[in-house]
1. Only residues that are β-branched (Val, Ile, Thr) and without any contact (Cβ under 8 Å) to a residue 12 or more places away in the chain: list them for segment 151-187, please.
2. Can you pull out every residue in segment 64-107 that is touching a strand residue (DSSP E or B) at 6+ places or on another chain (Cβ under 9 Å) and under 21 Å from Thr162 (Cα atoms)?
3. Only one of (1) open to solvent by 70 Å² or more (accessible area, probe 1.4 Å); (2) in contact with a strand residue (DSSP E or B) (Cβ under 7 Å, 6 or more places away or on another chain) is not met by Ile198, so which one is it?
4. Within the set of pairs 6+ apart or on separate chains, which have a first residue in segment 51-79 that is within 27 Å of Gly30 (Cβ to Cβ), a second that is aromatic (Phe, Trp, Tyr) and open to solvent by less than 50 Å² (accessible area, probe 1.4 Å), and C-beta atoms under 6 Å apart?
5. Tell me which residues, restricted to segment 231-266, are open to solvent by 50 Å² or more (accessible area, probe 1.4 Å) and closer than 20 Å to Pro145 by Cα.
6. May I ask you to say which residue of Arg168, Arg189 is of a type in the set (Lys, Arg), open to solvent by 50 Å² or more (accessible area, probe 1.4 Å), closer than 25 Å to Leu106 by Cβ and modelled with pLDDT of 75 or more?
7. Could you go through segment 129-136 and let me know if any residue there is modelled with pLDDT of 95 or more, open to solvent by 20 Å² or more (accessible area, probe 1.4 Å) and out of contact with any Cys (no Cβ under 8 Å at 6 or more places or on another chain).
8. Within segment 63-98, can you find the residues that are touching a Cys at 6+ places or on another chain (Cβ under 9 Å) and either of a type in the set (A, V, I, L, M, F, W, C) or more than 23 Å from His47 (Cβ to Cβ) (or both)?
Amino acid sequence: MRSIAVINQKGGVGKTTSSVNLAAALARAGRKVCVMDLDPQAHASLHLGITAIDGEATMYELLCGDATIEQARQKINDNLFVVPSNLDLAAAEMELASEVGREMILSDKLAEDPEDFDYLILDCPPSLGVLTLNALVAVNEVFLPLQPHFLALHGLSKLLRTIEVVSRRMNSRLQLSGVVLCMYDSNTRLAAEVSTDIDQFFNVSKDAGKFFRNAKFFDTRIRRNIRLAEAPSFGQSIFDYSPDSNGAFDYQSLAEEVLSQELADSQMEESDRSAIFDNSNPARMAA
């Protein structure tokens, strides 16, 4: 299972839009996907047509109560599921402040979940508090959505330091594996310049920390598209709301890139197994 936290402490960069529509695209490709909404604003839940009601388990009961992921999870379709959030989750930061091992709660809950998914996508709040920390400890990968303007780099170094600290101290599996540009306007020179700057930043910085050494700056650019802004108000992914729009095309393309990473990882593992076999075969070593 690939577990991915979609993170940016800056709001309004396309984080929830990317979480939901990437998940929907992967589900359409036949992968079994679960979205976990860690934002008290519950935008990912609303985007998928889910409004938590009294008596139903949500992310709040999962982190602050005795609910299991299985109890909180809701089905969208055969391949797509969501663990919803609501405003109650805003109290989690305070309620968990004195809890021992509070950053491990979500990781422990996931370890107890009997359901098998191909992809787990966590939509994180625009902050670096307890909720985001739980996500970083629980997953293996981070996807970073960015807007193509100069303020996109503001606070980026702080976010990368946070990921690095978690990777070094609490989750050695954690790595930044994807950077995606959202709300891209191909008609402006600024977008192209900032895209180049961000690409160069990651290329130059890769040797500085192993946690994003394998980061991919996705070729797909998520273009500005009014259909993407309209879809959440109908509780639908872009593929249900406007399947012929540029937004649907872009997220389909992004999903194909993510799936290509899956294939590359599989080939790398096969290569590693072959190398182990070759090194352990006396006849081959002699040859």
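The values are calculated or read from the model by the stated rules, or taken from the named source; none is laboratory data. From a predicted model like this one, the values you see are computed outputs, not experimental measurements. Don't worry about glycine lacking a Cβ; one is built from the backbone with ideal geometry, like all the others, and counts go over all protein chains shown. These area figures cover heavy atoms from the full protein model, side chains too; ligands, DNA and RNA do not enter into them. Shrake-Rupley method; radii C 1.70, N 1.55, O 1.52, S 1.80 Å.
1. Residues of segment 151-187 that are β-branched (Val, Ile, Thr), as a first pass: 162-163, 165-166, 179-180.
Within segment 151-187, Val165 is the sole residue that qualifies.
2. Matches in segment 64-107: Leu106 only.
3. (1)
4. Correct list of pairs: Arg73/Phe81; Lys75/Phe81.
5. Taking segment 231-266 first, the residues open to solvent by 50 Å² or more (accessible area, probe 1.4 Å) are 233-234, 236, 240-241, 243-244, 246, 249, 252, 256, 260, 262-263, 265-266.
Matches in segment 231-266: Asn246, Phe249, Gln252, Glu256, Ser260, Glu262.
6. On the way: Arg189 fails: closer than 25 Å to Leu106 by Cβ.
That would be Arg168, the only listed residue that is of a type in the set (Lys, Arg), open to solvent by 50 Å² or more (accessible area, probe 1.4 Å), closer than 25 Å to Leu106 by Cβ and modelled with pLDDT of 75 or more.
7. no
8. Going residue by residue through segment 63-98, those that are touching a Cys at 6+ places or on another chain (Cβ under 9 Å) are 69, 73, 80-83, 88-89, 91-92, 95-96.
Ile69, Leu80, Phe81, Val82, Val83, Leu89, Ala91, Ala92, Glu95, Leu96 - these are the residues of segment 63-98 that are touching a Cys at 6+ places or on another chain (Cβ under 9 Å) and either of a type in the set (A, V, I, L, M, F, W, C) or more than 23 Å from His47 (Cβ to Cβ) (or both).
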